[in-house]
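What follows is one structure encoded as C-alpha coordinates, with my remarks underneath.
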Amino acid sequence: MTPRSTQDWVQAVQAALRPLADAERAGPMRAYMKDQFPFLGVATPARRQAVAFLGREWDGDILAVAQSLWALPEREYQYVACDLLRQHVQGLMDTDLSILYLLILDKSWWDTVDSLAVTVGALVQQYPRLIAQMDEWIANPNLWIRRVALLHQLAWKSETDQDRLFGYCLRRAGDTDFFIRKAIGWALRQYARENPTAVARFIRSHENQLSGLSIREAMKHLKGEP
(Lines give C-alpha, C1' and ligand atoms only; values in the text may rest on other atoms or scores of the structure.)
Protein backbone atom coordinates (compact mmCIF):
# COMPACT_ATOMS: atom_id res chain seq x y z
CA MET A 1 0.00 0.00 0.00
CA THR A 2 1.29 3.47 -0.87
CA PRO A 3 2.28 5.47 2.23
CA ARG A 4 0.10 8.51 2.88
CA SER A 5 1.36 10.53 5.84
CA THR A 6 4.85 11.87 6.37
CA GLN A 7 5.31 9.37 9.19
CA ASP A 8 4.21 6.53 6.89
CA TRP A 9 6.77 7.55 4.26
CA VAL A 10 9.61 7.77 6.77
CA GLN A 11 8.70 4.44 8.32
CA ALA A 12 8.58 2.87 4.85
CA VAL A 13 12.11 4.12 4.14
CA GLN A 14 13.35 2.77 7.46
CA ALA A 15 11.66 -0.58 6.83
CA ALA A 16 13.34 -0.78 3.41
CA LEU A 17 16.86 0.07 4.61
CA ARG A 18 17.22 -1.43 8.06
CA PRO A 19 17.30 -5.07 6.84
CA LEU A 20 20.21 -4.11 4.56
CA ALA A 21 22.36 -2.67 7.38
CA ASP A 22 25.93 -3.97 7.32
CA ALA A 23 28.13 -3.07 10.29
CA GLU A 24 31.32 -4.08 8.48
CA ARG A 25 30.54 -1.71 5.62
CA ALA A 26 29.33 1.05 7.93
CA GLY A 27 32.74 1.53 9.55
CA PRO A 28 34.65 2.45 6.37
CA MET A 29 31.74 4.60 5.16
CA ARG A 30 31.81 6.55 8.43
CA ALA A 31 35.60 6.90 8.22
CA TYR A 32 35.38 8.21 4.65
CA MET A 33 33.14 10.98 5.93
CA LYS A 34 35.65 11.85 8.67
CA ASP A 35 33.60 10.09 11.36
CA GLN A 36 31.02 12.85 11.31
CA PHE A 37 27.94 10.67 10.76
CA PRO A 38 26.80 7.17 11.68
CA PHE A 39 25.95 4.88 8.78
CA LEU A 40 23.75 1.85 8.33
CA GLY A 41 26.30 0.46 5.90
CA VAL A 42 24.05 0.33 2.82
CA ALA A 43 25.81 0.95 -0.50
CA THR A 44 24.31 3.46 -2.91
CA PRO A 45 23.01 0.98 -5.53
CA ALA A 46 21.34 -1.17 -2.88
CA ARG A 47 19.89 1.88 -1.14
CA ARG A 48 18.38 3.27 -4.31
CA GLN A 49 16.98 -0.08 -5.36
CA ALA A 50 15.40 -0.62 -1.94
CA VAL A 51 13.50 2.67 -1.99
CA ALA A 52 12.86 2.94 -5.73
CA PHE A 53 9.19 2.02 -5.32
CA LEU A 54 8.75 4.98 -2.97
CA GLY A 55 9.91 7.41 -5.61
CA ARG A 56 7.61 5.94 -8.25
CA GLU A 57 4.56 6.03 -6.01
CA TRP A 58 5.22 9.47 -4.58
CA ASP A 59 2.23 11.57 -3.60
CA GLY A 60 3.34 12.87 -0.22
CA ASP A 61 4.76 16.12 1.15
CA ILE A 62 8.27 15.93 -0.24
CA LEU A 63 9.73 18.63 2.00
CA ALA A 64 8.16 17.27 5.17
CA VAL A 65 9.51 13.80 4.42
CA ALA A 66 12.95 15.19 3.56
CA GLN A 67 13.09 17.10 6.83
CA SER A 68 12.00 14.05 8.81
CA LEU A 69 14.61 11.87 7.11
CA TRP A 70 17.20 14.55 7.85
CA ALA A 71 16.42 14.25 11.55
CA LEU A 72 17.36 10.55 11.61
CA PRO A 73 20.95 9.83 12.65
CA GLU A 74 22.17 7.51 9.91
CA ARG A 75 23.53 9.22 6.83
CA GLU A 76 21.72 7.01 4.33
CA TYR A 77 18.45 8.66 5.31
CA GLN A 78 19.78 12.05 4.25
CA TYR A 79 20.87 10.47 0.97
CA VAL A 80 17.34 9.18 0.39
CA ALA A 81 16.02 12.67 1.09
CA CYS A 82 18.46 14.16 -1.42
CA ASP A 83 17.44 11.65 -4.09
CA LEU A 84 13.73 12.29 -3.52
CA LEU A 85 14.21 16.05 -3.74
CA ARG A 86 16.10 15.74 -7.02
CA GLN A 87 13.49 13.37 -8.47
CA HIS A 88 10.55 15.56 -7.51
CA VAL A 89 11.97 19.07 -7.76
CA GLN A 90 9.35 19.93 -10.38
CA GLY A 91 6.77 19.80 -7.61
CA LEU A 92 8.54 22.39 -5.46
CA MET A 93 7.63 26.05 -5.28
CA ASP A 94 9.98 29.03 -5.32
CA THR A 95 9.24 29.63 -1.63
CA ASP A 96 10.64 26.18 -0.86
CA LEU A 97 14.16 27.48 -1.38
CA SER A 98 14.11 28.54 2.26
CA ILE A 99 13.66 24.91 3.34
CA LEU A 100 16.49 23.76 1.08
CA TYR A 101 18.62 26.47 2.67
CA LEU A 102 17.99 24.98 6.11
CA LEU A 103 18.83 21.48 4.89
CA ILE A 104 22.13 22.73 3.48
CA LEU A 105 23.00 24.15 6.89
CA ASP A 106 22.02 21.00 8.80
CA LYS A 107 24.55 18.14 9.01
CA SER A 108 26.57 19.93 6.34
CA TRP A 109 29.19 18.05 4.38
CA TRP A 110 30.03 17.86 0.71
CA ASP A 111 28.02 14.70 0.05
CA THR A 112 24.60 16.15 0.83
CA VAL A 113 25.47 19.74 -0.02
CA ASP A 114 26.50 18.88 -3.57
CA SER A 115 23.30 16.94 -4.19
CA LEU A 116 21.22 19.79 -2.80
CA ALA A 117 23.12 22.20 -5.07
CA VAL A 118 21.71 20.40 -8.12
CA THR A 119 18.19 20.57 -6.66
CA VAL A 120 18.63 24.28 -5.93
CA GLY A 121 19.83 24.80 -9.50
CA ALA A 122 16.78 23.06 -10.93
CA LEU A 123 14.54 25.21 -8.74
CA VAL A 124 16.28 28.37 -9.93
CA GLN A 125 15.72 27.29 -13.53
CA GLN A 126 12.02 26.85 -12.79
CA TYR A 127 11.81 30.22 -11.04
CA PRO A 128 14.37 32.62 -12.53
CA ARG A 129 13.61 35.26 -9.92
CA LEU A 130 15.57 33.07 -7.49
CA ILE A 131 18.76 34.08 -9.29
CA ALA A 132 18.75 37.10 -6.97
CA GLN A 133 18.99 34.68 -4.06
CA MET A 134 22.05 33.04 -5.61
CA ASP A 135 23.63 36.48 -5.90
CA GLU A 136 23.15 36.79 -2.15
CA TRP A 137 24.27 33.25 -1.37
CA ILE A 138 27.63 33.73 -3.06
CA ALA A 139 28.46 36.27 -0.33
CA ASN A 140 26.98 34.22 2.54
CA PRO A 141 29.18 33.76 5.62
CA ASN A 142 28.54 30.01 5.53
CA LEU A 143 30.94 28.19 3.22
CA TRP A 144 28.38 25.54 2.26
CA ILE A 145 25.88 28.15 1.09
CA ARG A 146 28.64 29.77 -0.96
CA ARG A 147 29.52 26.36 -2.40
CA VAL A 148 25.91 25.80 -3.49
CA ALA A 149 25.89 29.19 -5.21
CA LEU A 150 29.04 28.21 -7.10
CA LEU A 151 27.68 24.80 -8.07
CA HIS A 152 24.00 25.45 -8.70
CA GLN A 153 24.49 25.63 -12.48
CA LEU A 154 26.30 22.28 -12.74
CA ALA A 155 23.46 20.62 -14.68
CA TRP A 156 22.55 23.63 -16.81
CA LYS A 157 24.86 22.76 -19.71
CA SER A 158 24.26 25.17 -22.60
CA GLU A 159 21.89 27.24 -20.45
CA THR A 160 24.70 28.17 -18.05
CA ASP A 161 24.92 31.90 -17.37
CA GLN A 162 28.58 32.29 -18.25
CA ASP A 163 28.96 35.81 -16.91
CA ARG A 164 27.41 34.88 -13.58
CA LEU A 165 29.52 31.71 -13.29
CA PHE A 166 32.77 33.54 -14.00
CA GLY A 167 31.72 36.41 -11.76
CA TYR A 168 31.01 34.06 -8.86
CA CYS A 169 34.37 32.35 -9.34
CA LEU A 170 36.18 35.67 -9.18
CA ARG A 171 34.21 36.81 -6.13
CA ARG A 172 35.30 33.69 -4.25
CA ALA A 173 38.77 33.35 -5.76
CA GLY A 174 40.34 34.75 -2.61
CA ASP A 175 38.70 32.17 -0.32
CA THR A 176 41.25 29.88 1.29
CA ASP A 177 38.80 27.10 2.14
CA PHE A 178 39.46 23.83 0.31
CA PHE A 179 35.79 23.19 -0.44
CA ILE A 180 35.32 26.58 -2.06
CA ARG A 181 38.47 26.33 -4.15
CA LYS A 182 37.47 22.84 -5.23
CA ALA A 183 33.96 24.04 -6.13
CA ILE A 184 35.35 26.84 -8.30
CA GLY A 185 37.41 24.32 -10.26
CA TRP A 186 34.54 21.85 -10.53
CA ALA A 187 32.08 24.50 -11.74
CA LEU A 188 34.55 25.67 -14.39
CA ARG A 189 35.42 22.12 -15.45
CA GLN A 190 31.75 21.28 -15.88
CA TYR A 191 31.09 24.36 -17.99
CA ALA A 192 34.19 23.55 -20.05
CA ARG A 193 32.24 20.59 -21.43
CA GLU A 194 30.03 23.17 -23.15
CA ASN A 195 32.49 25.97 -23.86
CA PRO A 196 36.11 24.87 -23.34
CA THR A 197 37.55 27.89 -25.14
CA ALA A 198 35.76 30.38 -22.89
CA VAL A 199 36.88 28.56 -19.75
CA ALA A 200 40.47 28.31 -20.93
CA ARG A 201 40.55 32.01 -21.71
CA PHE A 202 38.98 32.86 -18.37
CA ILE A 203 41.63 30.86 -16.52
CA ARG A 204 44.48 32.43 -18.48
CA SER A 205 43.11 35.91 -17.81
CA HIS A 206 42.77 35.31 -14.07
CA GLU A 207 45.46 32.77 -13.23
CA ASN A 208 46.97 35.17 -10.70
CA GLN A 209 43.66 35.37 -8.82
CA LEU A 210 42.55 31.73 -8.92
CA SER A 211 44.14 29.18 -6.60
CA GLY A 212 46.29 26.39 -7.97
CA LEU A 213 43.67 23.86 -6.83
CA SER A 214 40.90 25.65 -8.72
CA ILE A 215 43.01 25.87 -11.86
CA ARG A 216 44.07 22.21 -11.73
CA GLU A 217 40.47 21.09 -11.30
CA ALA A 218 39.21 23.34 -14.09
CA MET A 219 41.94 22.33 -16.54
CA LYS A 220 41.62 18.56 -16.22
CA HIS A 221 39.99 18.22 -19.64
CA LEU A 222 41.32 21.36 -21.28
CA LYS A 223 44.68 20.20 -22.54
CA GLY A 224 45.53 21.87 -25.82
CA GLU A 225 42.87 24.55 -25.62
CA PRO A 226 43.95 27.90 -27.11
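The values are calculated or read from the model by the stated rules, or taken from the named source; none is laboratory data. It should be emphasised that the depicted structure is a prediction, and the values quoted were computed from it without experimental measurement. Glycine gets a Cβ as well: all are built from the backbone with ideal geometry, and neighbour counts include every protein chain shown. SASA here: full protein model, heavy atoms, side chains in, ligands and nucleic acids out. Shrake-Rupley method; radii C 1.70, N 1.55, O 1.52, S 1.80 Å.
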Kindly indicate whether any position in the stretch 138-150 is part of a loop (DSSP other than H, G, I, E, B), closer than 27 Å to PRO73 by Cα and among the small types (Gly, Ala, Ser). no
What are the residue pairs meeting all of these: first residue in the stretch 200-215, first residue closer than 14 Å to ARG172 by Cβ and in contact (Cβ under 8 Å) with a residue 24 or more places away in the chain, second residue of a type outside the set (A, V, I, L, M, F, W, C) and open to solvent by less than 40 Å² (accessible area, probe 1.4 Å), Cβ atoms under 6 Å, and 6 or more apart or on different chains? SER214/GLY185
Out of the residues in the stretch 130-152 meeting the condition of being more than 14 Å from SER98 (Cα to Cα) and of a type in the set (D, E, K, R), tell me which one is surrounded by the fewest Cβ atoms within 10 Å (Cβ to Cβ). ASP135
Determine which single condition LYS157 fails, assuming it passes every other condition in (1) more than 17 Å from the chain's Cα centre (by Cα); (2) open to solvent by 70 Å² or more (accessible area, probe 1.4 Å); (3) among the basic types (Lys, Arg). (1)
Qualifying residue in the stretch 180-193 (condition: among the hydroxyl-bearing types (Ser, Thr, Tyr), touching a helix residue (DSSP H, G or I) at 6+ places or on another chain (Cβ under 7 Å) and not in a helix (DSSP H, G or I)): no
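If we scan the stretch 63-82, do we find a residue that is among the hydrophobic types (A, V, I, L, M, F, W, C), exposed (fewer than 14 other Cβ atoms within 10 Å of the Cβ) and within 19 Å of the chain's Cα centre (by Cα)?
Yes, the stretch 63-82 contains at least one residue that is among the hydrophobic types (A, V, I, L, M, F, W, C), exposed (fewer than 14 other Cβ atoms within 10 Å of the Cβ) and within 19 Å of the chain's Cα centre (by Cα).
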Looking at the stretch 93-114 only, could you name the residues that are aromatic (Phe, Trp, Tyr) and not in a helix (DSSP H, G or I)? TRP109
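Condition first: among the small types (Gly, Ala, Ser) and within 16 Å of SER5 (Cβ to Cβ). Now tell me which residues in the stretch 39-84 satisfy that.
GLY60, ALA64, ALA66, SER68, ALA71
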Within the stretch 37-62, restricting attention to residues that are among the charged types (D, E, K, R) and over 20 Å from the mean Cα position of the chain (by Cα), which residue is nearest to LEU116 (Cα to Cα)? ASP61
Tally the residues that are open to solvent by less than 90 Å² (accessible area, probe 1.4 Å) and either over 21 Å from the mean Cα position of the chain (by Cα) or not hydrophobic (A, V, I, L, M, F, W, C) (or both), restricting the search to the stretch 195-226. 21
Tally time: how many residues in the stretch 160-175 are more than 15 Å from TYR191 (Cβ to Cβ) and open to solvent by 60 Å² or more (accessible area, probe 1.4 Å)? 2
Select from the stretch 1-52 the residues that are more than 15 Å from TYR77 (Cα to Cα), of a type outside the set (D, E, K, R) and loosely packed, with under 12 Cβ neighbours inside 10 Å and list them in ascending order. MET1, ALA23, PRO28, ALA31, TYR32
